[in-house]
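Right, one structure below, let's go through it.
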2 protein chains.
Amino acid sequence: MSEHDAVEVILAKRDGHELSESQIDWVVAAYTRGDVAEEQMSALAMAILLNGMDRREIARWTAAMIASGERMDFSSLSRPTSDKHSTGGVGDKITLPLAPLVAACGVAVPQLSGRGLGHTGGTLDKLESIPGWRAALSTEEMLAQLEDVGAVICAAGDGLAPADKKLYALRDVTGTVEAIPLIASSIMSKKIAEGTGSLVLDVKVGTGAFMKDQARARELAETMVALGTGAGVRTVALLTDMSTPLGLSAGNGIEVAESVEVLAGGGPADVVELTLALAREMLAGAGVTDVDPADRLADGSAMDAWVRMIRAQGGDPQAALPIARESHVVTAPADGVLTRLDAMAVGLAAWRLGAGRARKEDPVQAAAGVRWHARPGDMVRAGQPLLTLLTDEPERFERARATLEGGYDVAPAGTSYTPSPLVIDRIS
Amino acid sequence: MSEHDAVEVILAKRDGHELSESQIDWVVAAYTRGDVAEEQMSALAMAILLNGMDRREIARWTAAMIASGERMDFSSLSRPTSDKHSTGGVGDKITLPLAPLVAACGVAVPQLSGRGLGHTGGTLDKLESIPGWRAALSTEEMLAQLEDVGAVICAAGDGLAPADKKLYALRDVTGTVEAIPLIASSIMSKKIAEGTGSLVLDVKVGTGAFMKDQARARELAETMVALGTGAGVRTVALLTDMSTPLGLSAGNGIEVAESVEVLAGGGPADVVELTLALAREMLAGAGVTDVDPADRLADGSAMDAWVRMIRAQGGDPQAALPIARESHVVTAPADGVLTRLDAMAVGLAAWRLGAGRARKEDPVQAAAGVRWHARPGDMVRAGQPLLTLLTDEPERFERARATLEGGYDVAPAGTSYTPSPLVIDRIS
């Protein structure tokens, strides 16, 4: 006879009670082994979404998800480790320059990443546009590369937090994705199980982010920082703007190209700013305070780390990136100042052009995406190229264009424009 | 491409919106044919439980469940029809004397009943204690018996509201039983599909009922009366007390015996009172106002109808009812007045003695149950038999006794006792 049963746990949360540690441990373990049915977990997930969980419950839930699988251990490495997680945005290629930059500063970066689903891109999808590069590494390969190169970006193995893998797939089809306790425990169970010594969270807020309003983004950030800290991982979160897409491109290969520009000492100012801000937090979390990451961008050592990181995973950093077969230019409708470029509109357009996938088994196009030629605050002239749409399949242009309608505003010259800060707040 | 998708409907209800008619029609039909998965419907059921549905949504949901199956038609009968539904209580054998009594007054009673689950008994389980009696009838047999005898109590066929059958089984394992919109639509979809011309609802309230508080019982009653009326069925509800069990017995065969006593002109006063109150409502609903059912109990015509009804379904109304192999007497702890006999305690004790089932595939014992020898307000003497526990399996006594501890109060003689009314309110 088991300690608890699924209906008892569902009723407790449905009726607004706090779940006991024993109830949480039981329900997560029983779900993982199949003794709690999918339809029971979905009712519980909806009750959690609508009635919430307190910090103590979320911490226990996270611990139970970690306990459902294996844990990694980086204590054998000669350097400290630090990792970064972004809640997902449009044009968010920051991991690509960030990981080799932090490695070049002496801190190892074990970046377990995912693929994109919906309008936000996936880091692995972007890197796979590099000829030869492979995402799947064994634990031994990963440890060897961390010791040798100092940075690895690869796919998370199936062994970490299998409860989360199962629950995430269920939430996706049952309307229970947007629950802060479930989002926070999903992210943090994987990051804690991965074994990083410190963690920086980039919590996006704005139209192109998962969290549209600042209060909820802040709540998510605070919840995750508490979870990490409670589990012994030095954790800090930056709340960053995602109402405008990052940089000047959203896609796969085109974001790799932009990342290489940043590593070469150039690139869009906002990408450089956010890369450096996150690098400083990662270094501080790992206890390294005597290195300025800007110097490592300037002296080429971050680029060296990039080249070694790509090569270690079979990629050719010198190879030409794929070029889209078709392109279509959207021009500025009038003279004036670009006052808005909506992240969600750009993200959906890139997705519809083939850069993202609708279902997780879909392929992505390496060269598809959107480039924009002005950022909010820039002056534009009627007829000048505003956006370039890229795809291998020209029949995709029409829906992508429709998505972009209403996605940007050009105001008469002289209209005042106040840029909003990229880094909104820091939560530790 | 389908009109709607499951996640869209779940999100709408999750976020507190009213579901459209088209969303409701689609989700019920798609669930019935298996295109909406069990885990999606359970998330939706939990969202409905926590966020509610308004009257318009409930009416449409009920109509969609009716449309998922076949409808019966009694228009070929020479007399009007009336049916009764009880939300379930302890010792609630009222259907047994009521159906033949109403038939004896000239109104046909097509009573589609269920089996018991948990602490409340099932009408079919009670009748199956009569040797030879069978619950399963074809539609033709049912119509012929209604024309000939005027009353039939049988199992509902699989063709009525299959969406409800599927959803009820799901709610049972996902903690989503106690949602008034889902309870009301479940009951009323079957009753409306059954085709009765009028309907009387006995909505129980109290410790032994599904609804513990009057406000929720009233809300359920009002919701169901509105649903029936809106579907063209003359519908009335009585709100009746279920803090004390009905009559003097709870079980299967022992409740049949008590019902026969009522049909013979005797029986416990509360059972007679509720039987007559419900009979008058059923007759009024069918437009028969010139017959007093009390006369039909007194003149033996209700008993005649009972005998014919049982015989028509293969039962022998003269056969001895089964007798339990073992009995155990619980005595009064002191001289005084019995001020409380808790319906839930008695119901659970009868269930644990073998009168009910824990899972729907379990058998029940025909002779098991509880008899009580005093009702609240009666004087008792220390050591006199207060309850008799009956079972074929004496190892069941201990748990049944434990269940009854604290289930009754004996106060010093002279303590004032005010009986609560049996019929609390009438809702039409």
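The values are calculated or read from the model by the stated rules, or taken from the named source; none is laboratory data. Remember, it's a predicted structure, so these values are computed and weren't measured experimentally. Methodologically, a virtual Cβ is constructed for each residue, glycine included, from the backbone with ideal geometry; neighbour enumeration extends over all protein chains shown. Just so you know, the surface numbers come from the protein's heavy atoms only, side chains and all, with ligands and any DNA or RNA stripped out. Shrake-Rupley method; radii C 1.70, N 1.55, O 1.52, S 1.80 Å.
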Shape of the stretch A:283-428, Cα gyration tensor, a/c cut at 1.5: oblate
Here the correct list, in nm and shortest first, of distances from B:D425 to the same site in the other copies, label points 7 Å along Cα→Cβ, is 4.7
So for the stretch A:326-411, taking the charge dipole from beta-carbon charges (+1 Lys/Arg, -1 Asp/Glu), which of A:M344, A:P385, A:T331 sits furthest toward the positive end? A:M344
Rounded to the nearest 20 debye, dipole of the stretch B:164-220 from Cβ charges on Lys, Arg, Asp, Glu: 60
Rounded, prolate or oblate for the stretch A:6-52? Axes are the square roots of the Cα gyration tensor eigenvalues, ordered a ≥ b ≥ c, and the cut-off for rounded is a/c under 1.5. oblate
Would you work out which of B:V109, B:A63, B:V9 lies farthest towards the positive end of the dipole of the stretch B:1-116, given +1 charges on the beta-carbon of Lys and Arg and -1 on that of Asp and Glu, about the Cα centre? B:V109
Dipole axis of chain A (+1 Lys, Arg; -1 Asp, Glu on Cβ), positive-most option in A:S78, A:G228, A:L404: A:L404
Highest-MSF residue in chain B out of B:G150, B:G407, B:G356 [GNM, Cα springs under 10 Å]: B:G407
From the label point of A:G406, set 7 Å along Cα to the beta carbon, how far off in nm is each other copy's matching point, shortest first? 6.0
Other protein chain Cβ atoms within 10 Å, averaged over every residue that makes up A:33-42: 5
Can you work out ³J(HN,Hα) from phi for every residue in the stretch B:367-376, in order, using Karplus 6.51 cos²θ - 1.76 cosθ + 1.60 and θ = phi - 60°, giving whole Hz and x for Gly and Pro? 9, 6, x, 10, 10, 10, 10, 8, 10, x
Between A:T240 and residues 5 or more places away or on another chain, the pairs with built amide H atoms under 5 Å apart involve A:V203, A:K204, A:V205, A:I424
The Kirkwood hydrodynamic radius of the stretch A:207-353, taken as the inverse of the mean 1/r over all distinct Cα pairs, in Å, comes to 18.3
Provide an ascending nm list, one decimal, of label-point separations from A:R56 to the equivalent residue in each further copy; define each label point as 7 Å from Cα along Cα→Cβ. 4.4
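Looking only at other chains, what is the average number of their beta-carbon atoms within 10 angstrom of each beta-carbon in A:370-382?
Average neighbour count from other chains, rounded to a whole number: 0.
Computed from the mean reciprocal separation of all distinct C-alpha pairs, what Kirkwood hydrodynamic radius does chain B have, in Å? Intermediate values should be presented prior to the final figure.
Numbers: mean 1/r = 0.0448 Å⁻¹.
Evaluated over chain B, this radius sits at 22.3 Å.
Among the listed pairs B:K126/B:K191; B:K84/B:K212; B:K13/B:K166; B:K166/B:K212; B:K13/B:K360; A:K166/B:K212, give every one whose C-alpha distance is greater than 28 Å. Spell out each step's value before the answer.
On the way: B:K126/B:K191 21 Å; B:K84/B:K212 21 Å; B:K13/B:K166 20 Å; B:K166/B:K212 26 Å; B:K13/B:K360 31 Å; A:K166/B:K212 38 Å.
Exceeds cut-off: B:K13/B:K360; A:K166/B:K212.
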Skip the ligands, DNA and RNA, and give the accessible area per residue of the protein assembly as shown with a 1.4 Å probe, whole Å². 38
Using a 10 Å cut-off on Cβ atoms, rank the peptides B:297-303, B:387-393 from the highest mean neighbour count down. B:387-393, B:297-303
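How much of the accessible area of chain B, in percent, comes from carbon and sulfur atoms when a 1.4 Å probe is used?
Working: 8320 of 16400 Å².
Carbon-and-sulfur percentage of accessible area, whole number: 51.
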antiparallel share of DSSP beta bridges within the protein assembly as shown, to nearest 5, in %, is 55
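Quick one: dipole size for the stretch B:68-221, taken about the Cα centre, charges +1 on Lys/Arg Cβ and -1 on Asp/Glu Cβ, in debye to the nearest 20. Please report the intermediate quantities before stating the final value.
Details: 16 positive and 18 negative charges, 89 e Å.
The calculated dipole for the stretch B:68-221 is roughly 420 debye.
Output the direction-averaged projected area (hull surface divided by four) of the convex hull of the alpha-carbon atoms of the stretch A:326-411, in nm².
On the way: hull surface 21.0 nm².
Computed as one quarter of the Cα hull surface, the answer is 5.3 nm².
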Where does the charge balance sit around B:P317 when Lys and Arg score +1, Asp and Glu -1, over other residues with C-beta under 13 Å from its C-beta? 0
On C-alpha positions alone, give me the angle between the axis of helix A:55-67 and the longest principal axis of chain A, in degrees, nearest 10. 90
How well do other chains shield peptide B:170-178, expressed as the mean number of their Cβ atoms within 10 Å of each residue Cβ? 6
Any chance you could get the radius of gyration and Dmax over the Cα atoms of the protein assembly as shown, in Å? 35.0, 109
What accessible surface, in Å², does a 1.4 Å probe find on B:L227, ignoring ligands, DNA and RNA and rounding to the nearest 10? 10
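Would you mind working out the magnitude of the charge dipole of chain B relative to its Cα centre, with +1 at each Lys and Arg C-beta and -1 at each Asp and Glu C-beta, to the nearest 20 Debye? Don't skip to the answer; put the middle values down first.
Details: 40 positive and 57 negative charges, 92 e Å.
Its charge dipole is roughly 440 debye.
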